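Written out below as structure tokens is the structure these notes cover.
The values are calculated or read from the model by the stated rules, or taken from the named source; none is laboratory data. Everything numeric here is computed off the predicted structure, so don't read it as measured data. So basically every Cβ, Gly included, is an ideal-geometry build from the backbone, and we count neighbours across all protein chains shown.
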Amino acid sequence: MARRYRFCTVLPVAQCVLAGAFGGWGLRERSGILSRPLFEGQTLWDSTARFHVWPWPFKFAVIENLPAFLAGVLLSWPISIVKPDLPEAVQLSPCLLLVAFLWYRIGLVLDRRWTVREKIPWIWLTVFTGAGVAGAVIPIGYTGYIPYAALVWLVTAILVQRSTRPPQSA
């Protein structure tokens with residue numbers, strides 16, 4: 001018997017892998033940049049540079065998963081207050097659970113309208129990912145990728161909602 005794949009199982013796994021890989025890569029680059037010695041034993045972590053250094057892989061992971069990232073930041077905020085010396089990757093790890101939940105919900109919406117074998121949802125997802133890559137690499141300020149991500153998510157949600165509505169009878 002052939003196994004039937006569904007978006008609600010494929011997307012959470014794929015997006016968790018992408019978010020973990022790109023987010024981890026970006027946080028590792030960030031840590032490497034900010035750990036460079038500045039002067040008298042200080043590093044860039046001790047300067048305002050920590051607010052300005054956001055490598056493109058991290059930006060991509062955030063843009064692709066903005067709702068999960070924002071909710072995860074709210075969850076990890078108390079953790080960072082209690083244990084401020086934890087690495088950023090550990091503090092942001094709750095985001096991955098929320099990424100799985102987010103993309104499971106998105107997968108359910110896509111499953112109502114399409115099957116995994118159809119091309120239209122994959123085109124939507126490819127365009128969405130392309131918009132994420134574009135937002136990660138274009139210079140739009142230190143934190144400009146966050147409003148950009150919000151705009152991408154808003155436009156995508158509106159377009160998908162309009163295209164997944166059941167046909168109205170006349």
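Each row is one residue, and each column tells you yes or no for (1) touching a residue at least 40 places away in the same chain (Cβ under 8 Å); (2) farther than 16 Å from Ala14 by Cβ; (3) polar (S, T, N, Q).
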{"position": "Leu97", "(1), (2), (3)": "no, no, no"}
{"position": "Arg112", "(1), (2), (3)": "yes, yes, no"}
{"position": "Val133", "(1), (2), (3)": "yes, no, no"}
{"position": "Tyr142", "(1), (2), (3)": "yes, yes, no"}
{"position": "Tyr145", "(1), (2), (3)": "yes, yes, no"}
{"position": "Tyr148", "(1), (2), (3)": "yes, yes, no"}
{"position": "Val160", "(1), (2), (3)": "yes, yes, no"}
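Looking at (1) at pLDDT 95 or above; (2) surrounded by fewer than 17 Cβ atoms within 10 Å (Cβ to Cβ), find the lone condition where Phe60 falls short.
Phe60 satisfies all of (1) at pLDDT 95 or above; (2) surrounded by fewer than 17 Cβ atoms within 10 Å (Cβ to Cβ) except (2).
Out of (1) over 22 Å from Thr143 (Cα atoms); (2) in a helix (DSSP H, G or I); (3) over 16 Å from the mean Cα position of the chain (by Cα), what's the single condition that is false for Ala49?
(1)
Do the conditions hold for Thr126, that is, is it of a type in the set (Val, Ile, Thr) and within 24 Å of Gly20 (Cβ to Cβ)?
On the way: of a type in the set (Val, Ile, Thr): yes; within 24 Å of Gly20 (Cβ to Cβ): yes.
Against the criterion (of a type in the set (Val, Ile, Thr) and within 24 Å of Gly20 (Cβ to Cβ)), Thr126 qualifies.
Does any residue of the range 77-92 turn out to be touching a Cys at 6+ places or on another chain (Cβ under 7 Å) and either part of a helix (DSSP H, G or I) or not hydroxyl-bearing (Ser, Thr, Tyr) (or both)? Explain how you work it out, then say what you get.
Filtering the range 77-92 down to residues touching a Cys at 6+ places or on another chain (Cβ under 7 Å) leaves none.
No, the range 77-92 contains no residue that is touching a Cys at 6+ places or on another chain (Cβ under 7 Å) and either part of a helix (DSSP H, G or I) or not hydroxyl-bearing (Ser, Thr, Tyr) (or both).
In the range 41-84, what residues are within 18 Å of Gly23 (Cα to Cα) and of a type in the set (Lys, Arg)?
Hits for the range 41-84 are Arg50, Lys59.
Please go through (1) acidic (Asp, Glu); (2) outside any helix (DSSP H, G or I); (3) surrounded by 14 or more Cβ atoms within 10 Å (Cβ to Cβ) for Glu40 and return the number of the only condition it doesn't satisfy.
Here Glu40 meets the rest and fails (3).
Here are the criteria: (1) outside any helix (DSSP H, G or I); (2) within 24 Å of Leu125 (Cβ to Cβ); (3) not aliphatic (A, V, I, L, M). Tell me which single one Pro67 does not satisfy.
(1)
Collect the residues in the range 96-144 that are in a loop (DSSP other than H, G, I, E, B), surrounded by 14 or more Cβ atoms within 10 Å (Cβ to Cβ) and among the aliphatic types (A, V, I, L, M), keeping them in residue-number order.
Those that are in a loop (DSSP other than H, G, I, E, B), surrounded by 14 or more Cβ atoms within 10 Å (Cβ to Cβ) and among the aliphatic types (A, V, I, L, M): Val116, Ile140.
Only one of Glu88, Glu29 is in contact with a Phe, Trp or Tyr (Cβ under 8 Å, 6 or more places away or on another chain), farther than 30 Å from Leu159 by Cα and not small (Gly, Ala, Ser); which? Explain how you work it out, then say what you get.
Details: Glu88 fails: in contact with a Phe, Trp or Tyr (Cβ under 8 Å, 6 or more places away or on another chain).
After applying the criteria, what remains is Glu29.
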